[in-house]
Amino acid sequence: MRTARQRFDQLVLDVVEPLDERWQRHLGLVEYAVEDAPMLPDDWGDDTVPLSSLVRGKGQEPTRLVLFRRPIEHRATTRDDLEAMVHTVVVEQLAELLGLTPGQVDERYGD
């Protein structure tokens, strides 16, 4: 039996792999990661907790895209919601990297 973390990690892989294969030559080196939750400062004034973090690589350093498992799971009520949310977050972040719209990155965006 897999843990919730392992199931989420697999879901992220299932979403990332085809998108990364399709856009790899335009993206360059991207590291994908999952963390439980973002580290927020004590004085975080916004009620919204980020679902992901994107840090562009410099020189030999790869770009790093991190999805935050617990905030994403908290917003999803069903497995389908969870899959759709992970897909949406990944596509939106890749669109930001590529300078494209999310619909250009994946035609299923928004379905």
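Each reported figure results from applying straightforward, stated rules to the coordinates on display, with no laboratory input. Treat the numbers as computed from the prediction; the structure is a model and nothing was measured. Ideal geometry is used to build each Cβ from the backbone, glycine not excepted, and the neighbour counts take in all protein chains shown.
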Quick one: Debye curve from the alpha-carbon atoms of the chain only, equal weights, vacuum; give me log10 I(q)/I(0) at q = 0.15 Å⁻¹ to two decimals. -0.67
Go through 7-15, 20-28, 95-103, 40-48 and give me the packing order, highest mean Cβ count within 10 Å leading. 7-15, 95-103, 20-28, 40-48
Taking only the alpha-carbon positions of the stretch 19-67 and ignoring solvent, what does the Debye formula give for the base-10 log of I(q)/I(0) at q = 0.15, 0.24, 0.33 Å⁻¹? -0.52, -0.93, -1.25
Given the convex hull over the Cα atoms of the stretch 55-110, what projected area results after averaging over all orientations, in nm²? 4.4 nm²
Could you tell me the relative contact order of the chain? Use alpha-carbon pairs under 8 Å, at least six residues apart, and round to a whole percent. 25 percent
